[in-house]
Amino acid sequence: MADTRTITIVIDRALDDELGELARATGRDRQSLANEALTAWLEDQEDIRDARAILAGRHPTVSLDEVRKTPGLAR
């Protein structure tokens, strides 16, 4: 079993209702749906931080023209 922890959050009634409806519709439990949603959100936040760092010039970039010249990449 994975190393887990329990947290408590307060959510709006409408969000709770949607979560319950999705759980019933998919046959999954609310906990796994909430865990999946939080994981996706955290990954999105990491992508946003990376994109901001690239845009701020702290990482090298490659132009679209350079990418198009790369063998094996579709146009």
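Worth a mention:
- Helices (runs of 4 or more DSSP H) lying entirely in the chain (those with 2 or more residues that are surrounded by 11 or more Cβ atoms within 10 Å (Cβ to Cβ) and at pLDDT below 90): 30-55
- Residue within the stretch 33-56 that is in contact with a helix residue (DSSP H, G or I) (Cβ under 8 Å, 6 or more places away or on another chain) and of a type in the set (Asp, Glu) present: no
The values are calculated or read from the model by the stated rules, or taken from the named source; none is laboratory data. These figures come from a predicted structure and were not determined experimentally. All Cβ positions, glycine included, derive from the backbone under ideal geometry; neighbour counts span all protein chains shown.
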